[in-house]
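The values are calculated or read from the model by the stated rules, or taken from the named source; none is laboratory data. This is a predicted model, so every value here is computed, not measured. Cβ atoms come from the backbone with ideal geometry, glycine included; neighbour counts cover every protein chain shown.
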Amino acid sequence: MYIACLLSLVLLTCIYLFLKRNYNYWKRKGVPNPPASVIFGNLGESLTFTKSLGQIYHEIYQKYTDLAYVGFYKMRTPGVILRDPELVREVLVKSFNHFQANDLKIDDANDPLVAKNPFFVHGEKWKNNRSILSPSFTSKQVKPLFPLMEEVCHKLVKYLETKENEKSGIEAKELAQRFTMDVVASCAVGLEADSFKHENTEFRTMAERILSPSFFTNIKLFFLFAMPSLALFLKLKFVPDDAADYFRKIVNQTMNYRKENGIIRHDFLNNMQNVKLSLGEENFTNEDITIHLVGFFMDGFETSSVVLSHALYEIAANPHHQKKLREEIEQSLTERGKFDYYTLRDLDFLNRFLQESLRMHPADMFIAKLCTEEFEFPSPTGSGPNIKIEPKTPVIIPIHSLHYDPQYYPDPEKFDPDRFTKENKEKIVKGTYLPFSDGPRICLGKGSRLLNRVSS
């Protein structure tokens with residue numbers, strides 16, 4: 001009995017020491033880091049949903065004000081949180097080849113509809129798929145989407161007219177979701193989602209199965225981002241099977257209908273059909289089209305609705321800015337007599353308003369990169385030897401923290417579109433404004449996203 005207890009104690013001690021051994025990694029390298037708990041590292045509070053990953057990274061960012069970067073532990077894996085804009089630029093732009101990958105692991109066989117999404121892949125696979133998608137997001141391709149968005153805007157106005165006598169107010173997120181749902185359905189595959197008439201259409205239900213917040217979705221996303229190896233083992237997916245089958249059906253039915261009826265519609269699906277004609281069916285199949293359509297949808301629906309709802313809030317919360325926006329739009333209509341792509345592009349105050357809204361309410365609180373080739377950072381304190389960053393090291397770029405750092409944005413809690421006047425934009429430190437990321441992996445849909453928000 002005594003020997004069994006002793007052996008158990010020795011075994012437990014060995015397990016504890018094995019689990020703890022990684023937590024001296026940054027101390028050995030001379031990189032400051034907050035205390036980490038065994039197994040969960042610095043992310044324990046996100047597992048209990050006490051705090052989000054973004055909040056945890058933000059608190060670490062704020063605590064180490066004199067450092068260029070800080071060590072942390074993503075469970076048992078050592079990672080770094082960047083604080084210096086120069087290092088941010090180094091990772092995203094100048095030394096991109098050393099940090100090509102986003103910190104996500106995807107099982108192609110288990111999650112095929114994100115297998116070729118440029119956000120989830122890197123290397124040659126990323127280059128090939130980005131080159132396929134890039135032409136669809138040029139201004140030449142985005143401009144024809146404006147009339148489609150304009151149609152949805154008219155539906156939005158009619159919907160608001162039915163609500164003008166309601167005293168309970170309007171939920172901005174719900175309104176934004178209805179708008180972005182209709183826009184994405186129309187611009188992607190030419191569908192009438194009818195979100196302003198019907199609350200729970202099949203299209204919306206399947207869309208929400210992918211990304212809309214829920215308890216299970218939050219757990220799933222935590223494992224996919226924080227514990228990707230376990231997520232692979234559990235076969236967790238970004239796109240559930242029923243949603244995947246639904247979007248495959250939509251793509252195939254729409255393509256067949258257009259072919260049979262000789263229909264050409266200038267939307268995302270048409271662009272993908274042109275790619276298929278160019279590359280040949282053996283190199284670009286209907287499954288590939290579905291993959292990229294789901295990516296377009298993931299970017300255009302939930303992400304855009306979050307950003308748009310915050311912009312609507314800021315319009316309501318700042319009546320003096322609202323008045324200025326209205327005056328600028330009315331003046332532009334008087335001068336040009338119509339509202340089109342170029343009119344929206346030239347609305348200076350509206351664009352500044354949206355840029356400030358994106359500063360205060362970015363779609364993502366952080367960018368999670370992964371070191372793909374060994375690299376050296378200067379000492380975090382500014383003195384001492386360089387620090388070697390090994391492959392597979394997570395590198396966090398805290399967008400929210402940089403956007404709210406008073407060193408770069410004085411009085412950061414104040415909503416001030418004048419930060420983005422032509423004169424003031426030149427003063428913004430590179431690497432501190434990242435609503436669409438930066439460098440070769442900057443958001444492809446930046447133009448269409450802005451058009452979406454501006455048009456609404």
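Right, Ala207: buried (at least 20 other Cβ atoms within 10 Å of the Cβ), of a type in the set (A, V, I, L, M, F, W, C), touching a Ser or Thr at 6+ places or on another chain (Cβ under 8 Å) and closer than 28 Å to Phe137 by Cα or not? Here the answer is no, as Ala207 does not meet what is asked. Taken together, Ser383, Ser379, Ser305, Ser357 contain a single residue that is small (Gly, Ala, Ser) and in contact with a Ser or Thr (Cβ under 7 Å, 6 or more places away or on another chain), which is Ser305.
Scanning the range 80-127 for residues that are surrounded by fewer than 16 Cβ atoms within 10 Å (Cβ to Cβ), among the acidic types (Asp, Glu) and modelled with pLDDT under 95 gives Asp108, Glu124. If you go through the range 141-177 and keep only what is of a type in the set (D, E, K, R), part of a helix (DSSP H, G or I) and under 24 Å from the mean Cα position of the chain (by Cα), you end up with Lys143, Lys173, Glu174.
Filter the range 233-254 down to the residues that are farther than 24 Å from Ile56 by Cα, touching a residue at least 40 places away in the same chain (Cβ under 8 Å) and not β-branched (Val, Ile, Thr) and list them by number. The answer is Lys235, Lys237, Ala244, Tyr246, Phe247, Arg248.
Hey, any hits in the range 402-420 for a residue that's outside any helix (DSSP H, G or I), touching a Leu at 6+ places or on another chain (Cβ under 7 Å) and of a type in the set (A, V, I, L, M, F, W, C)? No. Against the test of being at pLDDT below 85, among the polar types (S, T, N, Q) and farther than 29 Å from Phe137 by Cα, the options Thr77, Thr48 yield a single qualifying residue, Thr48. Looking across the range 196-211, the residues that are in a loop (DSSP other than H, G, I, E, B) and either modelled with pLDDT under 90 or on the phi > 0 side of the Ramachandran plot (or both) come down to Lys197, His198, Glu199, Asn200, Thr201.
Matching residues to (1) over 27 Å from Tyr64 (Cβ atoms); (2) without any contact (Cβ under 8 Å) to a residue 12 or more places away in the chain:
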position	(1), (2)
Asp340	yes, no
Ile387	no, no
Pro406	no, yes
Lys414	no, yes
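Evaluation of Cys187 against the conditions (1) out of contact with any strand residue (DSSP E or B) (no Cβ under 7 Å at 6 or more places or on another chain); (2) under 21 Å from Val114 (Cβ atoms); (3) at pLDDT below 90 shows that the sole unmet condition is (3). Evaluated against (1) surrounded by fewer than 19 Cβ atoms within 10 Å (Cβ to Cβ); (2) more than 15 Å from Leu293 (Cα to Cα); (3) touching a residue at least 12 places away in the same chain (Cβ under 8 Å), Ser134 falls short on exactly one condition, (2). Residue under question is Ala368, and the condition is that it be part of a strand (DSSP E or B), of a type in the set (Gly, Ala, Ser) and either under 25 Å from Ile399 (Cβ atoms) or in contact with a Phe, Trp or Tyr (Cβ under 9 Å, 6 or more places away or on another chain) (or both); does it hold? It is true that Ala368 is part of a strand (DSSP E or B), of a type in the set (Gly, Ala, Ser) and either under 25 Å from Ile399 (Cβ atoms) or in contact with a Phe, Trp or Tyr (Cβ under 9 Å, 6 or more places away or on another chain) (or both). Among residues of the range 51-69 that are assigned to a loop (DSSP other than H, G, I, E, B), those with a beta-carbon under 8 Å from a residue that is aromatic (Phe, Trp, Tyr) at least six positions away or on a different chain give the pairs Ala68/Phe377.
Does Leu444 satisfy the condition of being within 24 Å of the chain's Cα centre (by Cα), buried (at least 19 other Cβ atoms within 10 Å of the Cβ) and part of a loop (DSSP other than H, G, I, E, B)? Here the answer is yes, as Leu444 does meet what is asked. The listed residues are Leu191, Leu224, and the only one of them that is over 22 Å from Leu156 (Cβ atoms) and either in contact (Cβ under 8 Å) with a residue 12 or more places away in the chain or not in a helix (DSSP H, G or I) (or both) turns out to be Leu224.
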